[in-house]
Amino acid sequence: MKPIRFLMVGGFLGAGKTTTIGKLAAHYVAAGKNVALVTNDQAYDLVDTHTLRAQGFNVGEVPGACFCCKFDDLIDTVGSMSNEQTPDIVIAEPVGSCTDLVATVIQPMRELFGDRFELGPLVVLLKPNHGKKILSETQGKGFSPKAEYIFLKQLEEADSIAINKIDRISDADQTQLLELVGRRFPDVNCFGLSAKTRAGFEDLIAAVEAEPIKRNQMMEMDYVTYAEGEAELGWLNCQITASSDSRFELDDVVLKIVAQIGERLSTAGHEVAHLKVLGQTLTDAAVANLVGSSVEAELSLASEIKPTQADLLVNARVAVDPDQLREIVLAVTQQLASQLSISLTVGNIQSFRPGKPEPTHRSQ
């Protein structure tokens with residue numbers, strides 16, 4: 001049996017991984033390939049999973065911890081997706097706060113399941129707004145040195161680095177980022193990309209189809225700093241039911257939730273890593289995103305519908321105490337319900353700090 005091509009697209013929270021793997025999957029489906037996707041997060045109820053399934057993809061999910069700590073679950077998830085038809089390609093999206101993926105996921109898969117998988121290169125997306133601040137070592141970067149450690153380690157282990165969202169930055173900023181990456185990681189392939197507009201998409205295809213870098217040893221990793229950096233981020237997933245006697249604009253609701261939560265966090269001095277809200281009915285969906293405190297909220301998927309009821313899902317990853325994050329989300333929900341004269345009923349809500357990463361395997 002031909003081995004499954006296994007690809008991972010990494011990158012920090014808000015780097016655009018979900019959009020990118022969706023475009024990659026569509027490319028390979030159009031080429032006649034059977035493609036499966038696997039999402040991953042510290043929590044449950046992922047906007048990413050719902051978004052990709054809404055696009056018609058076969059999507060498995062590994063929740064509750066990083067791929068490295070849920071290695072067996074990753075293998076089992078891919079196996080279960082092969083029950084009806086073995087995929088030609090599996091594209092995996094790791095948690096945005098996860099690093100050391102080559103040593104804890106890719107190389108162990110090669111060593112333990114080399115007959116089942118053809119391991120491709122690790123492509124890491126660079127988030128421009130935080131990347132420019134961190135790589136240029138400017139003041140007011142938004143994250144602590146320990147969280148920045150994770151960001152930089154993700155780039156260090158990459159086979160290729162894609163500066164994503166170039167449609168939202170100037171040519172000068174793109175040139176500066178390319179220079180900053182080249183100065184810090186001179187041996188790594190780096191290119192500009194907009195997964196949204198497909199600018200640079202040919203370079204992305206070339207990167208994921210290239211041979212992985214041959215490594216004599218794995219990247220050095222300080223797991224104490226890594227754990228402390230992750231623990232500085234507050235995680236929140238929340239289900240909300242929106243309903244009204246009269247019709248409301250779903251796009252407006254999800255965008256205002258994101259914008260108002262982001263405004264409160266920014267005012268309080270808390271840096272947003274990624275904040276996203278999915279609103280969906282049985283047939284349509286809307287998604288709004290915020291990927292930093294210095295950028296504006298964006299409606300990344302418009303539904304253009306006016307329902308009387310919709311299910312909302314909030315995913316927030318912020319440099320703030322999770323209890324405070326929870327209070328802000330609940331306060332915004334209450335305030336917005338009053339402003340828009342609709343009912344916003346909060347259901348299941350999780351808020352926590354990620355636990356210490358303890359990989360199932362780690363190659364040397």
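Can you give the convex hull volume of the alpha carbon atoms of the range 233-352 per residue, in Å³?
Values: hull volume 9.9 nm³, N = 120.
Once divided by residue count, the hull of the range 233-352 is 83 Å³.
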On the formula 1/(1 + (r/R0)^6), with r taken between the Cβ atoms of GLN55 and ARG353 and R0 of 25 Å, the FRET efficiency rounded to 0.05 is 0.20
Once the Cβ-Cβ distance between ASP323 and ASP72 is put in as r, and R0 is 41 Å, what FRET efficiency do you end up with, to the nearest 0.05?
-> 0.80
What is the magnitude of the charge dipole of the range 233-352 about its Cα centre, with +1 placed on the Cβ of each Lys and Arg, -1 on the Cβ of each Asp and Glu, and no other charges, expressed in debye to the nearest 20?
-> 140
Cα convex hull of the range 4-229: mean projected area in nm², to one decimal?
-> 12.1
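Return the percentage of antiparallel bridges among DSSP beta bridges fully within the chain, rounded to the nearest 5 %.
Numbers: 36 of 66 bridges.
If we restrict to bridges inside the chain, about 55 percent are antiparallel.
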Of LYS70/LYS165; LYS17/LYS127; LYS132/LYS196; LYS165/LYS196, those spanning more than 18 Å from alpha-carbon to alpha-carbon = LYS70/LYS165; LYS132/LYS196
Restricting to aspartates and glutamates and to Cα separations under 18 Å from LYS133, and discarding same-chain partners fewer than 8 apart, the set is GLU148, GLU156, ASP171, ASP173, GLU179, GLU271, GLU296
Expressed in whole Å with the largest first, what are the equivalent ellipsoid semi-axes of the range 1-101 derived from the C-alpha gyration tensor as the square root of 5 times each eigenvalue?
-> 20, 16, 12
Taking only Cα atoms and a 10 Å spring cutoff, compute GNM fluctuations for the chain and point out the largest among PRO121, PRO186, PRO108.
-> PRO186
Full-stretch length increase - THR241, THR175 - with 0.36 nm per residue and alpha-carbon distance subtracted | 19.3 nm
What aspartates and glutamates sit close enough to LYS2 to cross-link, taking a C-alpha to C-alpha distance under 14 Å and skipping anything fewer than 8 places away on the same chain?
-> ASP88, ASP115, GLU118
Could you work out the relative contact order of the range 233-352, using alpha carbon pairs under 8 angstrom and six or more residues apart, expressed as a whole percent?
-> 43
Farthest positive-ward along the range 233-352 dipole, Cα basis, beta-carbon charges - from GLY269, ILE349, GLN335 | ILE349
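What is the magnitude of the charge dipole of the chain about its Cα centre, with +1 placed on the Cβ of each Lys and Arg, -1 on the Cβ of each Asp and Glu, and no other charges, expressed in debye to the nearest 20?
Numbers: 33 positive and 48 negative charges, 48 e Å.
It comes to approximately 240 debye.
FYI, it's all coordinate maths here, none of it is from the lab. It should be emphasised that the depicted structure is a prediction, and the values quoted were computed from it without experimental measurement. Because the Cβ atoms are built from the backbone with ideal geometry, glycine has one as well, and the counts that use them run over all protein chains shown.
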